[in-house]
Amino acid sequence: MIIDVSVNGIQRHLKSRNGDRLVDVLKKELGLSSLTADCLQGRCGKCLIFMDGRIVHSCLIPAFKARGSSIVTFEGIAKKPEVMDIEKAFQLTQTQPCSFCHTAKIMTIFDLLSRVPLPNEDDIVEALDMVPCPCSDPIGLIQAVKLAAELRNKRKFNREA
Amino acid sequence: MQFASTIRSPYHRGRNAKVIIDTLPNGFSSILPDDLSAHNIPSLFSEGIPIFASQQISYRGEALGLIIGPDPGICDELAALARVECDEEEPEHEWESFSSSQIVFHYGAEHGDLDAMFAAASTQLKEVYRNGIFDHHYSEPMGALARWDKTTLSIHCATQWPDDLRRRLAGALAISESNIVVHPTEMGRALDGRLWFPSLVAAQAAVASRISGKPVRILYTREEDFLHTTKQARSAINIRSGSDEQGRLLALDIVILINLGAYNPLAPEIVYQAVSAITGIYSCPAIRIEAYAIRSNTIPLGAMGSVGATHAFFAIEAHMNNLAQRYSKHPAEIKALNMLKKGQSIFGAPDLSGDIPFNRIHKELEQISDYPRKYASYELVKKRDPGCREGIVRGIALTLGYQTGRSFSECSGMNLYSVEATLDRELRLLIKTQATIGSESLKAMWRKTAAEILSIHEDHVHFLLPENTHSLPSGPMTLSRGSSLIHALIEKTCRNIQKKRFRESLPISATARTRPSKAKTNPEALFLGAQLLDSASWCGTAVEVEIDALTGKPIPLAVWMVIDAGRIVNVQIALASLRASALSALAFCTANDFDPSESGRKDYIADAGMRIRQLPKIEIEFIEPDRNGAAKGIGELPFITIPAAFYSALTQALGLDPRQLPLKGGEILRLLEGA
């Protein structure tokens, strides 16, 4: 079947078979390398996408369910200044997620900071729990998110958090 | 490129396996053991591990062949449709009472008059401590990409030990090592899960590529990885001790059984590490140790974190705590009484040239964790409410351990590391090493060290794979074992270049490598003695645990670590690495154990280890991190000390001694109901 969907702002017609997962179709048809079909249980978070503005696990969504929706992957936000803030915060706190979860962690932090500009520790832990890759120091990650929020607010409103 | 899916055995054990495949669609083909013999490809690793099992199936899920084709999804479906027939045999799952044919490796040592010392002992204590199987939870499932270019084989694979991969492939495929180029790919935290198993997957991809004449990629699904790749070994450690009226150890009779599943080429190393660690830091005039690596019909099992030391430290520390209970003494008192002191030795090894920094670490740890007050109050609660009926159930314990960063099985090249550095005319430093550099932070640390010594900009330091890989052998990159050695070698090469820099013209090159030790003739000398302990990193760890009154689940509340490891090159990176390792070590204490039955396998997959949501407070302090001297490895310390401290805290909270790790909530509730 053909699924009409907007991916990163471009209208696409994706080929899919019955029972295909959205993550597999996005990877196969569009070659989106930021997505990983890893646990296929919605646990690892490496397949996170924005679907109609909500962050979801694309491994849990049948491809046909995406018909008519608007999908944004990491590739669609990679050049946004908010992502640069997060990258800079990773760098400054020396918290470098591994290459397998890097994009997923950025997606979840991006989502958190766009919903909650000044997140508290519970908000941060809640968000980071979506990508439980054991590669990085959890306390460092929390510090990085706080710093990313500061950098974002400073850039947007020209003031400290 | 062709994709490959593995045809797996549905039997735990059997002979003469036959794979029956119906007609395959165009473009798809199968690679079976018969194809290997038809192409004159030897099919065994040197330890007898088959690339594809045919004559003997050793575990459920063992690879019997591949389906290759242009679509990975269709390959998966075709592999699942393949039927397997064999002469099924009764699997050997039992390993604690084993037959002689199940022994893969045995090591025994005895020192002192054991019988006389047991006869003189006023108290004897005999206990068995068990460890379960635990997954490494590494970042990406196992996989490999192989490509033949006439006679040269290129392998892309995430491995901790590229040198070993090349050596094994050369042996298994009967080709020269110089015709194999290994490209280590990104790995994340591997925690010893990628020591040798990637070689097997790479060999399967290489064989398929050679037969099909096309590049072949194998990439396991996470479920496949959970169920069919190597995990931390299961162990049972039997300790019988005899002690005098004061609680001083007189005799220790220890039997270590390590279940290594169907295969493990690193059995000697795992056994040696366990033997080296089992005496812990305690002095005893008479010791007998028998250690066995046992084969069973389950998935290949092996190393994790600290190779075999985690199991051994957990057992000896738990035993010392029980000894303290027997004497109604404080655990720290019994431990201090039996602690090795300057001039003492075990197994006739060289004498300890200095005291173990027990007092200093202990004092610091007590201060930051508020241990004495908490220990006393939890003891009081336990005495008032032995069945834990009132709800709040907490415990706290501390333990001392060490990391030597030393491998004992010299024959496999585990201690051989080398680095070549060249400072060129543009003042760029090119560092060549075969060691897999797992993290960017490690690279950053090495870059900083090299740049400081040579007074060049950090951006001018580059890491390369050597063109001639033979000249620069490398042992595995484990948690900190390899990285601390490579760091020392980078320092050495940079200092050599700096010495020559203003006397000779650029480019200047320098090479440094570790020297093989003389351990072969007297392995006991390495187990415990001045050479080992004087160069060790020391760590005291306190863990506070609460038992959830409803579910029985043990919840770690806080972890405190005090580390004496000489100079710390970058405190921030060290802290980050230790905190990440601490979380993995805590996950091991509470995770699901692997059970080969159908329902057990499902439970196992459902368990994803420790989550950031369950993050306890983690506080880490270094003793004099700015001092001069060599940097020592610290990455394994959480795996060595946390399980032992966690278990001891749990026994205090429960007032029971289950003598096993990991422990799940359900098991704890059953124990409490039975108490």
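What follows is calculated from the coordinates using simple rules that are stated; it is not laboratory data. Predicted model only: the values in this text are computed from it and were never measured. Ideal geometry is used to build each Cβ from the backbone, glycine not excepted, and the neighbour counts take in all protein chains shown.
Computed over chain B, relative contact order equals 15 percent, with contacts defined as Cα pairs under 8 Å that lie 6+ residues apart. For B:F134, what residues show an amide H to amide H distance below 5 Å, using hydrogens built from the backbone and excluding near sequence neighbours? Hits under the 5 Å cutoff: B:Q232. Could you tell me which of A:S69, A:V25, A:I49 has its Cα farthest along the dipole of segment A:2-76 towards the positive end, charges placed at Cβ (Lys, Arg +1; Asp, Glu -1), taken about the Cα centre? Of the candidates, A:V25 comes out farthest on the positive side. In terms of packing, defined here as the mean over residues of other Cβ atoms within 10 angstrom, the peptides B:267-278, B:136-147 line up highest first as B:267-278, B:136-147.
Give the percent of DSSP beta bridges with both residues in segment B:184-325 that are antiparallel, rounded to the nearest 5.
Values: 10 of 21 bridges.
So the antiparallel bridges in segment B:184-325 amount to around 50 percent.
The overall shape of chain B is oblate: from the C-alpha gyration tensor, with semi-axes ordered a ≥ b ≥ c, the ratio a/c is 1.5 or greater and a/b is no larger than b/c.
Under 5 Å from the amide H of B:G14 lie the amide H atoms of B:I57, B:E89, each residue being 5 or more positions distant or on a separate chain, with H modelled from the backbone and absent for Pro and chain starts.
Each distinct pair of alpha carbons in segment A:35-96 adds a 1/r term; the inverse of their mean, the Kirkwood radius, is 13.1 Å.
Where both residues lie in the protein assembly as shown, what percent of DSSP beta bridges are antiparallel, nearest 5? Write down the numbers at each step before the final one.
Working: 101 of 135 bridges.
For the protein assembly as shown, the DSSP antiparallel bridge percentage is about 75.
At full extension, B:E379 and B:D351 could sit 6.3 nm farther apart than now, given 0.36 nm per residue minus the alpha carbon distance.
Provide the FRET efficiency to the nearest 0.05 for the A:N18-B:L430 pair, computing r from the beta carbons and using R0 = 45 Å.
After rounding to 0.05, the efficiency reads 0.25.
Rounded to the nearest 20, the Cβ-based charge dipole of the protein assembly as shown about its Cα centre (Lys and Arg +1, Asp and Glu -1) stands at 1880 debye. Based on the alpha-carbon gyration tensor of segment B:416-515 and its eigenvalue square roots a ≥ b ≥ c, which shape applies: rounded if a/c is under 1.5, prolate if not and a/b is larger than b/c, or oblate? Prolate, since a/c reaches 1.5 and a/b exceeds b/c. Given +1 at the Cβ of Lys and Arg, -1 at the Cβ of Asp and Glu and no other charges, the dipole of chain A around its Cα centre is 520 debye to the nearest 20.
Normalised by the number of residues in segment A:42-161, what is the relative contact order in percent for Cα pairs under 8 Å and 6+ residues apart? Working shown, then result.
Working: 140 pairs, mean separation 34.8, N = 120.
It comes to 29 percent, rounded to a whole number.
Could you please report the charge total around B:G261, scoring K, R as +1 and D, E as -1 over all other residues with beta-carbon less than 9 angstrom from its beta-carbon? Intermediate values should be presented prior to the final figure.
Numbers: positive: B:K231, B:R234, B:R295; negative: none.
The answer is +3.
How many angstrom lie between the Cα centre of segment A:124-161 and the Cα centre of segment A:1-74? Centre-to-centre distance over Cα atoms comes out at 26 Å. Calculated mean residue ellipticity, 222 nm, the protein assembly as shown: -10500 deg cm²/dmol, from DSSP H runs (n ≥ 4) at -39500 (n - 2.57) each, averaged per residue and rounded to 500.
With both residues required to sit in chain B, DSSP beta bridges show an antiparallel share near 75%. When peptides B:234-241, B:35-42, A:33-40 are ranked by their average number of other Cβ atoms within 10 Å per residue, the highest-first order is B:234-241, A:33-40, B:35-42. Each label point was placed 7 Å from the Cα along the Cα-to-Cβ direction; for B:E90 and B:Q344 their separation is 4.8 nm.
Residues considered: A:L147, A:L118, A:L30. Largest GNM mean-square fluctuation over chain A, using C-alpha springs under 10 Å, is found at A:L30.
Placing +1 on the Cβ of every Lys and Arg and -1 on the Cβ of every Asp and Glu, with nothing else charged, gives segment A:81-157 a dipole about its Cα centre of roughly 360 debye.
Counting other Cβ atoms within 10 Å, which trypsin sites (Lys or Arg not before Pro) in segment B:623-664 have at most 16 and lie in a DSSP loop? Present the calculation step by step, with values, prior to reporting the outcome.
Details: sites: B:R627, B:K632, B:R659, B:K664; in loops: B:R627, B:K632, B:R659, B:K664.
Of the trypsin sites (Lys or Arg not before Pro), the ones in loops of segment B:623-664 whose Cβ has at most 16 other Cβ atoms within 10 Å are B:R627.
Projecting the Cα atoms of B:A286, B:S537, B:L266 onto the charge dipole of chain B, computed from C-beta unit charges around the Cα centre, puts B:S537 farthest toward the positive end.
Does a label point 7 Å from the Cα of B:E245, set along Cα-to-beta-carbon, have any residues of segment B:105-146 with amide nitrogen under 14 Å, and which are they? Under cut-off, by backbone N: B:121-123. Rounded is the label for the protein assembly as shown, because the ratio a/c of its alpha-carbon gyration tensor axes (a ≥ b ≥ c) stays below 1.5. Projecting the Cα atoms of A:L92, A:I139, A:I106 onto the dipole axis of segment A:81-157, where Lys and Arg carry +1 and Asp and Glu carry -1 at the beta carbon, places A:L92 farthest toward the positive end. Counting 0.36 nm for each residue step from B:Y327 to B:N359 and taking away their Cα separation leaves a gain of 9.4 nm. For the pair B:A444 and B:R627, what calculated FRET efficiency results from E = 1/(1 + (r/R0)^6), where r is the Cβ-Cβ distance and R0 = 25 Å, to the nearest 0.05? E(calc), rounded to 0.05, equals 0.65.
Two tests apply to each whole DSSP H helix in chain B, Cα reach of 18 Å or more along its axis and mean Kyte-Doolittle hydropathy of at least 0.5, and the ones passing both are B:197-212, B:571-590, B:637-654.
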